[in-house]
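The values are calculated or read from the model by the stated rules, or taken from the named source; none is laboratory data. Keep in mind that what you see is a predicted model, and the values were worked out from it rather than measured. Here Cβ is always computed from backbone atoms with ideal geometry, including for glycine, and neighbour counts include all displayed protein chains.
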Ligand SMILES: [Zn+2]
């Protein structure tokens, strides 16, 4: 009896893998994942180029979502659609049990940013049409490649866990993620690994720079009258819109320096001889923390009421989007950064650098540094007192509900103005294709870390609960019945979609989208061609 017990103990001891064995196994799995990603470089290029060619704006990502979910279903992922009442939303999952690792990235484009890729000056595919003037065509292909690579290893090595992919619908309108959080999309998720295009491979932790925001449309209602015959019988909603705009711009001088605010008039009336009965103005109110965003929103409401009083009109308002200031998880960022150092930057060719430098020159950047050739340090927190404001991303809402990081990957040219045709130039070229492959490796390796080391997930939640939430807890700007703004951008796509359809990428006929468009890579202005060999 005693001898049997000893024998069992010896067998059990011999079978239990040591920490060293586990590490060696994990390193081998990471190498395999990187190899698998390299082998899928062609698929990455096809997905990047396809989504680029759809060029769809927020809430209208119909072709994009159809295409990406078809890819995922082909590789065995289960897809559900229409989350939070958004027709272009979806969730794809594979695997079972814990941990649940979510991979997200934005999928929408920018108005008026139609642009031929690989051409280092303004040259639209369709004048006035939308396009990928930020590079959001690359992030979801990166996640899909990483997920497929990890899935194969999970299947073979019988690793428990679930991989979930979800799209940042309408990020440019900050129109989806707070709704996804509210409606429970992430309720079982342990860690969210978000990806966003950038000029380098990197990740950071802690309170981020930039802002959060509320996006609010104010609508005024007056009364029509003959503008010349009986103007005294009308009340102009457009007057209210203009007065609100003027009022806000005066008040802006007396707001904190960290704020950003901007506006467009979405309805300015019908025709001059009819006093405008309806008119609308749409604001983004940005600040660096939740209480100050709320304060700006309150001031906006006061000014809107003042404009209604001045003009004898009625005012209503509606929130169209919201983004929380971002806070990223230290444990997950450190894990990811170690993998980033392993992966390193892609090898750029002379053609890649020629395109980058020619575009930087075109945009008046005197230094023309080209593409990144050195990894940056890991991003550190930006304390509120040193945050001078800037852009926003509704990943902030997710980052205050679970451990989250954003992997930045080098699929774009550094030093561009953003939200502009120039940010689409690299987005369907070898720069984007290689940037996505590098990012997918770092993403896949980090998923493997999280799947195989439960202490990392626990540590991430310890940081989230005890450090991040020590002084602030999430206060959403939307209520339980705020509807998503699914009507946005419909008119623009109705106007351009049929023209754009002719330029959708067909990978069965052309090796790359550059080939389909007949673009020589790179195409630069003749006076910069001396930079080529
Ligand atoms: Zn973005």
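Between a residue in region 174-200 that is within 18 Å of residue 446 (Cα to Cα) and any residue that is assigned to a loop (DSSP other than H, G, I, E, B) and at pLDDT below 95, which pairs come within a Cβ distance under 8 Å, given they are 6 or more apart or on different chains?
Matching pairs, first to second residue: 200/376.
Residues are listed down the side, and each one gets a yes or a no for (1) touching a residue at least 60 places away in the same chain (Cβ under 8 Å); (2) surrounded by fewer than 23 Cβ atoms within 10 Å (Cβ to Cβ); (3) touching a strand residue (DSSP E or B) at 6+ places or on another chain (Cβ under 6 Å):
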residue: 306; (1), (2), (3): yes, yes, no
residue: 319; (1), (2), (3): yes, yes, yes
residue: 323; (1), (2), (3): yes, no, yes
residue: 344; (1), (2), (3): yes, yes, no
residue: 349; (1), (2), (3): yes, yes, no
residue: 359; (1), (2), (3): yes, no, no
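Counting just the residues of region 58-71 that are out of contact with any helix residue (DSSP H, G or I) (no Cβ under 6 Å at 6 or more places or on another chain) and surrounded by 22 or more Cβ atoms within 10 Å (Cβ to Cβ), which one comes out farthest from residue 505 (Cα to Cα)?
59
Condition test on residue 210, is it at positive phi, free of Cβ contacts under 8 Å to residues at least 12 places away in the same chain and either within 12 Å of the ligand (Cβ to nearest atom) or part of a loop (DSSP other than H, G, I, E, B) (or both)?
Taking the combined requirement at face value, the residue does not satisfy it.
Going by the conditions given, is residue 108 closer than 25 Å to residue 45 by Cα and within 14 Å of the ligand (Cβ to nearest atom)?
yes
Among the residues of region 148-171, how many are under 15 Å from residue 394 (Cα atoms) and in contact with a strand residue (DSSP E or B) (Cβ under 6 Å, 6 or more places away or on another chain)?
Looking only at that region, the number is 3.
Does region 118-177 hold any residues that are within 13 Å of the ligand (Cβ to nearest atom) and outside any loop (DSSP other than H, G, I, E, B), and which are they?
139, 140, 167, 168, 171, 172, 173, 177 - these are the residues of region 118-177 that are within 13 Å of the ligand (Cβ to nearest atom) and outside any loop (DSSP other than H, G, I, E, B).
Of all residues in region 196-207, how many are within 16 Å of the ligand (Cβ to nearest atom) and surrounded by fewer than 21 Cβ atoms within 10 Å (Cβ to Cβ)?
Result for region 196-207: 2.
Tally time: how many residues in region 161-180 are in contact with a helix residue (DSSP H, G or I) (Cβ under 8 Å, 6 or more places away or on another chain) and more than 21 Å from residue 145 (Cβ to Cβ)?
Residues that pass the stated criteria total 5.
Does residue 189 count as in contact with a strand residue (DSSP E or B) (Cβ under 9 Å, 6 or more places away or on another chain), modelled with pLDDT of 95 or more and either part of a strand (DSSP E or B) or surrounded by 23 or more Cβ atoms within 10 Å (Cβ to Cβ) (or both)?
no
Looking at 414, 381, which one is touching a residue at least 60 places away in the same chain (Cβ under 8 Å), part of a loop (DSSP other than H, G, I, E, B) and farther than 27 Å from residue 256 by Cα?
None of the others qualify; the one that does is 414.
Looking at region 213-234, which of its residues are buried (at least 21 other Cβ atoms within 10 Å of the Cβ) and assigned to a loop (DSSP other than H, G, I, E, B)?
222
Please state which of the following conditions residue 276 fails to meet, knowing it meets all the rest: (1) surrounded by fewer than 21 Cβ atoms within 10 Å (Cβ to Cβ); (2) without any contact (Cβ under 8 Å) to a residue 60 or more places away in the chain; (3) in contact with a strand residue (DSSP E or B) (Cβ under 9 Å, 6 or more places away or on another chain); (4) assigned to a loop (DSSP other than H, G, I, E, B).
(1)
Just to check your reading of the model, which residue among 296, 315 is outside any helix (DSSP H, G or I), surrounded by 15 or more Cβ atoms within 10 Å (Cβ to Cβ), at pLDDT 95 or above and on the phi < 0 side of the Ramachandran plot?
Answer to the selection: 315.
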